[in-house]
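To keep things clear, I will list the structure first and then write my remarks on it.
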Amino acid sequence: MKAYYYLFYKLYKFWEFVSIPRFWSDFKAIVSIVALEVWLLFSIINTYSIVENNKFNIEFSNALILVPFCSIIILNYTVFIHTDKWKEYNAEFDQLSRRKNIIGGIIVWAIILSIIVSVFTSAYLLQKNVLGM
């Protein structure tokens, strides 16, 4: 769970750095996490479809899409919006040494980049499989 808060921390700091003026960085970090989780979900579904050579019905009304999506929303609401525990973790992570924060940042951004590459790669391969290219 601490790693989850660290991901939030890094995204929060990113939005604080790039936003002019600084506002709603916590909301932007939450939306970023939700997007990453949804992309990861789609990447898993795409990969499953490729491996099984089966076109998966990706509609919001499909329970295999709706249940994980709602779970993602509820999880993030519970962890970040319902409580302000993230503020305590942000204060704790601010106290880490510069070296640890740099290493942690590299790991977080590598994970984020991996998820983004994975979703686009799986979508491309799925499209290639479906269209028979």
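The values are calculated or read from the model by the stated rules, or taken from the named source; none is laboratory data. Because the structure is predicted, anything quoted here is derived from the model rather than measured. Cβ atoms come from the backbone with ideal geometry, glycine included; neighbour counts cover every protein chain shown.
In the stretch 37-47, is there at least one residue being of a type in the set (Ser, Thr, Tyr), more than 27 Å from Gly105 (Cα to Cα), modelled with pLDDT of 85 or more and surrounded by 13 or more Cβ atoms within 10 Å (Cβ to Cβ)?
Scanning the stretch 37-47 turns up at least one residue that is of a type in the set (Ser, Thr, Tyr), more than 27 Å from Gly105 (Cα to Cα), modelled with pLDDT of 85 or more and surrounded by 13 or more Cβ atoms within 10 Å (Cβ to Cβ).
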> Where residues in the stretch 75-119 are assigned to a helix (DSSP H, G or I) and among the hydroxyl-bearing types (Ser, Thr, Tyr), which of them is nearest to Lys10 (Cα to Cα)?
Replying inline: Tyr89
> Has the stretch 120-131 got any residue that is within 24 Å of Phe14 (Cβ to Cβ) and out of contact with any Pro (no Cβ under 6 Å at 6 or more places or on another chain)?
Replying inline: yes
>> Scan the stretch 47-56 and tell me whether some residue there is within 20 Å of the chain's Cα centre (by Cα), outside any helix (DSSP H, G or I) and β-branched (Val, Ile, Thr).
In response: no
> If Ala91 satisfies every condition in (1) surrounded by fewer than 11 Cβ atoms within 10 Å (Cβ to Cβ); (2) under 30 Å from Ile50 (Cα atoms); (3) not hydroxyl-bearing (Ser, Thr, Tyr) but one, which is the exception?
Replying inline: (2)
> Out of (1) within 23 Å of Val119 (Cα to Cα); (2) exposed (fewer than 12 other Cβ atoms within 10 Å of the Cβ); (3) among the charged types (D, E, K, R), the odd one out for Asp84 is which?
Replying inline: (1)
>> Within the stretch 55-74, does at least one residue satisfy the condition of being at pLDDT below 90, touching an Asp or Glu at 6+ places or on another chain (Cβ under 6 Å) and buried (at least 18 other Cβ atoms within 10 Å of the Cβ)?
In response: yes
>> So, in the stretch 91-120, exactly how many residues are of a type outside the set (A, V, I, L, M, F, W, C) and touching a residue at least 40 places away in the same chain (Cβ under 8 Å)?
In response: 3
